[in-house]
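Below is one structure, written out as C-alpha cells, with a few remarks after it.
Read-outs throughout are calculated quantities, based only on the coordinates presented, and are distinct from any laboratory measurement. Computed from a predicted model, the values in this text were never measured in an experiment. Methodologically, a virtual Cβ is constructed for each residue, glycine included, from the backbone with ideal geometry; neighbour enumeration extends over all protein chains shown.
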C-alpha cells in the first residue's frame, strides 16, 4: 500500500486511481469470433449445444423442388453443462481475485479484468477437460475411439477466448 499525506497529493492520487479503475467496463469469456469445427460448424454453436443439450440433426439429400436439404432430427444430445459448472464452482472467488489484481496493478481495471478473464478462461477449459457425465453413447465412442465427452477435435477447448471491453 502507498502512504500519501497532504490534501492535494491525496486528491491527485485518488484522481489517478479513479482514472485507472474506470478505464475498462467489462471482460467477456466464451466462444467469440469465427472459430469453426473441422466440418465448418460454428464452435460457439457446438459449445451451446454441448452445454444445454438439444436435438441431433442430420441433413439428407437436397429436395429438387425447394432446393433445400432435408432436415432430420435423429436424437437428443444431453446437456453437459461445462460452462455453467465452471461459473457455479468459481464465481464466489472472482470478486476477491479481481480485488487482488486491482491492488497488484495499482487499480488498472483493464489489466485486472484481463487477469480475471484468463482465470475464468482456464476454469472453463478445466471443466471441459474434467466433465465425464453424462457418458457418451456407444455409437459416439465407436466413432471417436475414446469415451471422453466434450473433447473431439479439441477445437472447442482451444476456442475459449476472452475480451476486455474498454470504454
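Structural remarks
- Folded to 0 to 90 degrees: helix 109-130 orientation relative to the chain principal axis, Cα: 30 degrees
- At an R0 of 25 angstrom, the distance between the Cβ atoms of residue 141 and residue 161 translates into a FRET efficiency of 0.30.
- Computed over the chain: relative contact order in percent, which uses C-alpha pairs under 8 Å that are six or more apart: 33 percent
- Nearest-ten-degree value, helix 7-21 long axis tilted from longest Cα axis of the chain: 10 degrees
- Cα-based shape type of the chain, given that a ≥ b ≥ c are square roots of the gyration tensor eigenvalues and the cut on a/c is 1.5: prolate
- Take each peptide in 33-41, 79-87, count the other Cβ atoms within 10 Å of every residue, and average; sorted highest first, the result is 79-87, 33-41.
- Length gained on full extension, residue 57 to residue 32, computed as 0.36 nm times the residue gap minus the Cα-Cα distance: 6.7 nm.
- Segments 110-117, 149-156 sorted - mean Cβ within 10 Å per residue, highest first: 110-117, 149-156
- If you sort the three axes of the alpha carbon gyration tensor as a ≥ b ≥ c, you get a/c of 1.5 or more for the range 58-133 and a/b above b/c, which makes it prolate.
- Theoretical ellipticity at 222 nm over the chain - DSSP helices of four or more residues, -39500 (n - 2.57) apiece, nearest 500: -14000 deg cm²/dmol
- Between 0 and 90 degrees, the angle of helix 43-52 with respect to the longest Cα principal axis of the chain falls at about 80 degrees.
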